[in-house]
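Written out below as C-alpha cells is the structure these notes cover.
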Amino acid sequence: MRSSTSRSTRIDNLVAVTDALIELSSRLRQTADLLRTGGLEPEAVLELIEECARIASDASAQVDQRARAALEPLPDLPGQLPLPAA
C-alpha cells in the first residue's frame, strides 16, 4: 500500500511540474510570436519579458521544490523498527 501512495504522490508532483512548464512554454511561444510581429512598443516588450521571467522563476521554484521533496527521506514513524543493515 505504501508504494501505491508513494507512486500517487510522485504522479501528482509530476503533473504540477508539468503544468508549470506547459504554461511557461506556451507563454514563451506567445511572446515570441508577438515580438516577431514588431508592432509592440518598447515598454510592452519589457513587460512581456518580465512576465516570462516571473513565470520561469515560478516554474523553476516548483521543479526545485518537488525534486527536493522527492529526494528527502521519509520521517520515522512511531513504532516503526529500523531495517537491519545488510
Within segment 33-71, restricting attention to residues that are part of a helix (DSSP H, G or I) and of a type in the set (Asp, Glu), which residue is nearest to residue 21 (Cα to Cα)? 58
Being free of Cβ contacts under 8 Å to residues at least 40 places away in the same chain and of a type in the set (Lys, Arg) is the filter; apply it to segment 18-69 and report the residue that is surrounded by the most Cβ atoms within 10 Å (Cβ to Cβ). 27
Tell me whether segment 72-85 contains one or more residues that are assigned to a helix (DSSP H, G or I) and modelled with pLDDT under 85. no
Would you confirm whether any residue within segment 41-56 is modelled with pLDDT under 85 and among the small types (Gly, Ala, Ser)? yes
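The values are calculated or read from the model by the stated rules, or taken from the named source; none is laboratory data. Computed from a predicted structure; not experimentally measured. No Cβ is skipped: glycine too gets one built from the backbone with ideal geometry, and neighbour counts run over all protein chains shown.
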